[in-house]
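Reviewing the structure listed below.
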Amino acid sequence: MPLPVPVLAEGVDPAWLPPAAFEPLGTRRTLIRGSGPMVETVHGEVADAVARFGGRVVRDPEPGDGMSYDLVLELTGASGDEGFACGRQDGTTTVTASGRRGLLYGLFHVVRLGEDAFRGEWAREVHQPAAALRMVDHWDNVAVHPVMGQVERGYSGGSLFWADGRARGELERVRAYGRLLAACGINAVAVNNVNVHRTEARLLTDRIGEVAALADALRPYGIRTHLSVTFTAPIVLAGLETADPLDARVREWWARATADVYAAIPDFGGYVVKADSEGQPGPFTYGRSHADGANMLAAALAPHGGTVHWRAFVYNHRQDWRDRTTDRARAAYDHFVPLDGKFADNAVLQVKHGPMDFQVREPVSPVLGAMPRTRLALELQATQEYTGQQRHVCWLGPMWSEVLRFRPEAESSVGESAARGGGLVAVSNVGDDPFWTGHPLAQANLYTFGRLAWQPGADPGRLLDEWIGLTFPGASRRLAAGLHAVLDGSWQTYEKYTAPLGVGWMVQPGHHYGPSVDGYEYSPWGTYHFADRDGIGVDRSAATGTGYAAQYAKPWSEVYESPDTCPDELLLFFHHMSYGHMLHNGKTVIQHIYDTHFKGVTEVEEARETWASLADLVDPARHARVAERYEEQLRSAREWRDQVNSYFFRKSGVADAHGRRIY
Ligand code: GCU
């Protein structure tokens, strides 16, 4: 039986799968061959489209039925292969896959192509995801956390999965979410926050049924479910007196608990673990290494085909700002690189893209090039914690693409090694908001992430246009160009009016929205800019600084070591520079700060105008939501500009060369 397409509640935005995007497919005659649950999912999609648009769908006809088809979708096997082949000859487009998910991805490929899928002739092309794991991690709490709320760093309303301590049970919406994820190539979801509090800990044991219900809803769209667990689960859930990873009882407990998880969810993906980090417990308590901790969980998961995603976000968050010997940027490398080669085959080390924490500009984490014998996953943040919290437009595709293309060593790019190793992960930006992502244009971030995980070398601008084409089917040139204009470049715009030249962290402490130049300057979190009357920035050189630059292989260790070769955009990350220092771009540091802050606000004003000019082309609810957020973005950008410029004017006493208003 074909699986019905999930029905969206009134007012919920179809995001990049509006019915109209299926029109080219829906008017055609389609033949589907093969068997198994995923074929039913695909059949359901095509059946829904043809019911709307008047085409036809036929399933496994008798040989020689004499019919001709515009589209043939054929599953030839039942492997785990996710690729598909697609070509067009003699008026028929053919998609074949030997693995279940491949057929689904082939179908969505046809949807993406639109009318082009049915034009002309083209040779068979093979499409294969670069990374086997393409995951979103939800930082969703089951119970509302007193400080972090329902979703930690969530800017899209509540959680799709949980509300007030319970499973929401809105499985139709979860199914619809799975469908959106599949359509951009994502195949795994972690359903709870990496900070695992008391209630959430129980998802592993007596509340596993609630996770199983989510897994059932997501499975038809090829998505495996993962769970964040607490390292102290044996203590908090079973009353053992230790969680020592080398203790036999502890290991046995995990093995049993994991077997029970698989009894409930046979295709369970595995665990995500934040250990010895920001107050979460871990192996250090028992004098064990992170490899010991990860390998214990890997051993429990191995018989069932599961993976542990062990996070490398480990650093001292109780630092003294007076202590110049500790550098947070160094921490992940110092902790983990000595463990290279010690992790089990089904243990993946999940590394944030930068050494700090998802700032608008950071260098690529040196860990990503320094552990050739470890499976590394790259962690990105789709939720815009430090990039405007979905009140600002900040399309992160170009930033992610830069990270993925970066070559920490000569052999491979970050994208290639993550794809080969543990995969690509994004912290989700989705909640129960009718637009899924709060800001309707933030949908482009999730879509782009999924597509980059499939093809890390893809041109992000092309993916943006793909998202525009799907989300606004039949968009006029003016609309498509307007959407492209307000999104493309929005990351650099955000960078301009916030923290300059890679320095980071000039945000309000705690919630991380809006400017506070010294907000984290004297805090225990290891996040300092060291601005004084003469200059600003952190000396991370090997010669005179913290030595962080030396964590890179050549050429990067040399490039970053000297201000002469360090790229402007990272200069203050690596060096403490005088305000009068001349950048490669021909401006002094202080003039660059003034200029970018004025320019960033101007760019927001222009984007807001562009958006206003599209009012007649965008549905009113979406247009209004974005317009309202632009008002806030502009207010906030001006606040950023004026606080940052005033701060540095007061520190340095250097006037703006253009005499603009600084307070
Ligand atoms: C950031 C974020 C936290 C989160 C942490 C993590 O520090 O502010 O809310 O828990 O990252 O990635 O674990």
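The values are calculated or read from the model by the stated rules, or taken from the named source; none is laboratory data. What you see is a predicted model, and the numbers here were worked out from it, not measured in a lab. We place every Cβ from the backbone using ideal geometry, glycine too, and count neighbours over all the protein chains shown.
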Looking at GLN551, GLN508 in this structure, which one is among the polar types (S, T, N, Q) and within 16 Å of the ligand (Cβ to nearest atom)?
GLN508
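Tell me, yes or no, whether the range 595-605 has at least one residue that is more than 30 Å from SER156 (Cβ to Cβ) and of a type outside the set (Val, Ile, Thr). It would help to see each step written out before you state the result.
Start the filter on the range 595-605 by keeping residues that are more than 30 Å from SER156 (Cβ to Cβ), which leaves 595, 598.
Checking which are of a type outside the set (Val, Ile, Thr) leaves us with 595, 598.
Looking through the range 595-605, at least one residue is more than 30 Å from SER156 (Cβ to Cβ) and of a type outside the set (Val, Ile, Thr).
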Considering only residues that are within 15 Å of PRO24 (Cβ to Cβ) and either free of Cβ contacts under 8 Å to residues at least 40 places away in the same chain or charged (D, E, K, R) (or both), which ones fall in the range 114-133?
GLU115, ASP116, ARG119, GLY120
Test result for ILE223, under 24 Å from the mean Cα position of the chain (by Cα) and crowded, with 16+ Cβ neighbours inside 10 Å
yes
Could you run through the range 560-598 and say how many residues are more than 28 Å from the chain's Cα centre (by Cα) and in a helix (DSSP H, G or I)?
9
Counting only residues that are assigned to a loop (DSSP other than H, G, I, E, B) and away from the ligand (no atom under 16 Å from the Cβ), which one in the range 511-523 is farthest from GLY397 (Cα to Cα)?
TYR522
So for the range 210-222 (the condition being at negative phi and within 16 Å of the ligand (Cβ to nearest atom)), does at least one residue qualify?
no
Set THR230, THR199: member being of a type in the set (S, T, N, Q) and touching a helix residue (DSSP H, G or I) at 6+ places or on another chain (Cβ under 8 Å):
THR230
Quick check on ALA444: is it within 30 Å of ASP642 (Cβ to Cβ), away from the ligand (no atom under 16 Å from the Cβ), part of a helix (DSSP H, G or I) and over 18 Å from the mean Cα position of the chain (by Cα)?
no
Output the number of the condition that ASP244 fails; it satisfies all remaining conditions of (1) within 16 Å of the ligand (Cβ to nearest atom); (2) crowded, with 17+ Cβ neighbours inside 10 Å.
(1)
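Which one is nearest to the ligand (Cβ to nearest atom), of the residues in the range 175-209 that are among the polar types (S, T, N, Q) and buried (at least 22 other Cβ atoms within 10 Å of the Cβ)? First the steps, then the outcome.
Kept after step one, since they are among the polar types (S, T, N, Q), are these residues of the range 175-209: 187, 192-193, 195, 199, 205.
Still in the running and buried (at least 22 other Cβ atoms within 10 Å of the Cβ): 187, 192-193.
Values: ASN187: 22, ASN192: 12, ASN193: 7 Å.
Out of the qualifying residues, it is ASN193.
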Tell me the strands (runs of 3 or more DSSP E) entirely within the range 68-178 that contain at least 1 residues that are among the basic types (Lys, Arg) and under 25 Å from the mean Cα position of the chain (by Cα).
134-137
All-but-one check, LEU634 against (1) in contact with a helix residue (DSSP H, G or I) (Cβ under 6 Å, 6 or more places away or on another chain); (2) of a type in the set (A, V, I, L, M); (3) closer than 25 Å to THR527 by Cβ; (4) surrounded by fewer than 19 Cβ atoms within 10 Å (Cβ to Cβ), failing number (3)
Within the range 337-375, tally of residues that are farther than 22 Å from PRO398 by Cβ and aliphatic (A, V, I, L, M)
9
Quick one: count up the residues across the range 309-336 that are within 16 Å of the ligand (Cβ to nearest atom) and surrounded by 16 or more Cβ atoms within 10 Å (Cβ to Cβ).
14
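Given the criteria of a type in the set (D, E, K, R), within 15 Å of the ligand (Cβ to nearest atom) and assigned by TED's automatic domain parsing to the domain that holds VAL273, does GLU172 qualify?
On the way: of a type in the set (D, E, K, R): yes; within 15 Å of the ligand (Cβ to nearest atom): no; assigned by TED's automatic domain parsing to the domain that holds VAL273: yes.
Considered against the rule, which asks whether it is of a type in the set (D, E, K, R), within 15 Å of the ligand (Cβ to nearest atom) and assigned by TED's automatic domain parsing to the domain that holds VAL273, GLU172 comes out as no.
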Within 16 Å of the ligand (Cβ to nearest atom) and under 27 Å from the mean Cα position of the chain (by Cα), is that true of GLY269?
no
Between a residue in the range 99-111 that is in contact (Cβ under 8 Å) with a residue 40 or more places away in the chain and any residue that is β-branched (Val, Ile, Thr) and assigned to a helix (DSSP H, G or I), which pairs come within a Cβ distance under 7 Å, given they are 6 or more apart or on different chains?
LEU103/VAL39; LEU103/VAL42; LEU104/THR41; LEU104/VAL42; LEU107/VAL42
Select from the range 377-395 the residues that are more than 13 Å from the chain's Cα centre (by Cα) and away from the ligand (no atom under 16 Å from the Cβ) and write down the one among them that is farthest from GLU416 (Cα to Cα).
ARG391
Hey, any hits in the range 490-505 for a residue that's more than 25 Å from the chain's Cα centre (by Cα) and either free of Cβ contacts under 8 Å to residues at least 40 places away in the same chain or not in a helix (DSSP H, G or I) (or both)?
no
